[in-house]
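Here is the structure we will look at, set down as structure tokens.
We did not get these values from a lab; they are worked out from the coordinates using the rules stated. Keep in mind that what you see is a predicted model, and the values were worked out from it rather than measured. Neighbour counts run over all protein chains shown; Cβ positions are idealised from the backbone, glycine included.
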Amino acid sequence: MKLMDFIVKDAVVVNLQGKEKEDVLEEMVNALVKSRKISNKEKVVKILLDREELGSTGIGQGVGIPHGKTDEVDNVVIAFGSSKQGIEFESLDGEPVYLVFLLLAPVESTGAHLKALAKISRILKDKHFRQSLREATNAEEAIKIIKEEDEY
């Protein structure tokens, strides 16, 4: 599975402005609306926040992987965002989040959704990869870094 098959290039946001989880989720969902991947922003944000109620998707080491299932998409869709200042995300390790991979999947999807989550988790274990993504200064650079890591 290649993440680049699902990442929406127009929804790669380097230097997220939000400092709180809800603000960042809205900011990233807005990018998906602008890229015409979804239409109902409020519905998708609610799905993501409802998922967060079950437990934070801030998995630690500066990473958040908010995700949810929605009828707004026909296949897996991933937005990426990075933050210079860090986001209060109620992470498992209590640390701020700097990298956010937001994943949406169709309601009936299980396999692709889980494979995408597993792939994101796996590549984010690489400290060098995380650091490179944090240092990316624009969307093109972030996409290039993800593309290179996606090859392995």
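Being closer than 20 Å to Ala118 by Cβ and within 14 Å of the chain's Cα centre (by Cα): is that true of Gly68 here? It is true that Gly68 is closer than 20 Å to Ala118 by Cβ and within 14 Å of the chain's Cα centre (by Cα).
Could you please let me know if Leu16 is assigned to a loop (DSSP other than H, G, I, E, B) and surrounded by 21 or more Cβ atoms within 10 Å (Cβ to Cβ)? It is true that Leu16 is assigned to a loop (DSSP other than H, G, I, E, B) and surrounded by 21 or more Cβ atoms within 10 Å (Cβ to Cβ). Restricting attention to region 85-95, does a residue exist that is charged (D, E, K, R), free of Cβ contacts under 8 Å to residues at least 40 places away in the same chain and under 24 Å from Asn40 (Cα atoms)? Scanning region 85-95 turns up no residue that is charged (D, E, K, R), free of Cβ contacts under 8 Å to residues at least 40 places away in the same chain and under 24 Å from Asn40 (Cα atoms).
Within region 53-65, take every residue that is over 12 Å from Leu117 (Cα atoms), out of contact with any Lys or Arg (no Cβ under 7 Å at 6 or more places or on another chain) and not hydrophobic (A, V, I, L, M, F, W, C) and give me the one that is surrounded by the fewest Cβ atoms within 10 Å (Cβ to Cβ). Filtering region 53-65 for residues that are over 12 Å from Leu117 (Cα atoms), out of contact with any Lys or Arg (no Cβ under 7 Å at 6 or more places or on another chain) and not hydrophobic (A, V, I, L, M, F, W, C), the one surrounded by the fewest Cβ atoms within 10 Å (Cβ to Cβ) comes out as Glu53. Counting only residues that are under 17 Å from Leu16 (Cβ atoms), touching a residue at least 40 places away in the same chain (Cβ under 8 Å) and not in a strand (DSSP E or B), region 45-67 holds 4 of them.
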